[in-house]
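The values are calculated or read from the model by the stated rules, or taken from the named source; none is laboratory data. These numbers come from a predicted model, not from an experiment. Here the Cβ positions follow ideal geometry from the backbone for every residue, glycine too, while neighbour counts run over all protein chains shown. Just the protein is used for accessible areas: all its heavy atoms, side chains included, with ligands, DNA and RNA removed. Shrake-Rupley method; radii C 1.70, N 1.55, O 1.52, S 1.80 Å.
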Amino acid sequence: MNITRDVILDLLPLYLADEASPATRALVEEYVQQDAELARHIRLQRTDNLAGDVPSALPPDLELRSFRRTRRLLGVQKWLFGFGIFFVAVSLSNESSFEGAHLKEFHFLLRDYPVEFGICAVLGAACWIAYFSIRRRLRTTAK
């Protein structure tokens, strides 16, 4: 059977990754004995692969800790969103009264309760600032 160089080049990624069957490995090795240029190419690929196989210094549970941290931040973000809406709504609450079909009086409760309005406005602003801060931290960019 006549094996061409193209067939060997197709099998080369499996051979270099040590995923080829023993028969395929023997076939590639037999062909490489006849082709010095291809043998040099394989040696270069193996030395490049060995240099890239440096073990990582990352802890084994890093992925689980990252997942838990992200899940916790998403939970906090949901609560901040809810409280932000609540405090802004309370600070913008109003009082209106009708006489017949006409509006007799309309005013925001800021007029009657300025301290409570200030507290709700500050809390609402703080919730929204924290919400957008967490949102920016959780944002990923696709590259």
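Okay, residues lined up against (1) part of a helix (DSSP H, G or I); (2) open to solvent by less than 80 Å² (accessible area, probe 1.4 Å); (3) over 30 Å from Arg139 (Cα atoms); (4) among the hydrophobic types (A, V, I, L, M, F, W, C):
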{"residue": "Pro13", "(1), (2), (3), (4)": "yes, no, yes, no"}
{"residue": "Tyr31", "(1), (2), (3), (4)": "yes, yes, yes, no"}
{"residue": "Ala39", "(1), (2), (3), (4)": "yes, yes, yes, yes"}
{"residue": "Pro59", "(1), (2), (3), (4)": "no, yes, no, no"}
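Would you pick out the residues in segment 83-99 that are touching a Phe, Trp or Tyr at 6+ places or on another chain (Cβ under 9 Å) and among the charged types (D, E, K, R)?
Correct list: Glu95 only.
Among all residue pairs at least 6 apart or on different chains, which show Cβ distances below 7 Å where the first residue, located in segment 58-84, is farther than 21 Å from Ser133 by Cβ and the second is open to solvent by less than 100 Å² (accessible area, probe 1.4 Å) and in a helix (DSSP H, G or I)?
Close Cβ pairs satisfying both conditions: none exist.
Inspect all residues belonging to segment 86-109 and state whether any of them is in contact with a helix residue (DSSP H, G or I) (Cβ under 9 Å, 6 or more places away or on another chain), part of a helix (DSSP H, G or I) and open to solvent by 80 Å² or more (accessible area, probe 1.4 Å).
Yes, that holds for at least one residue.
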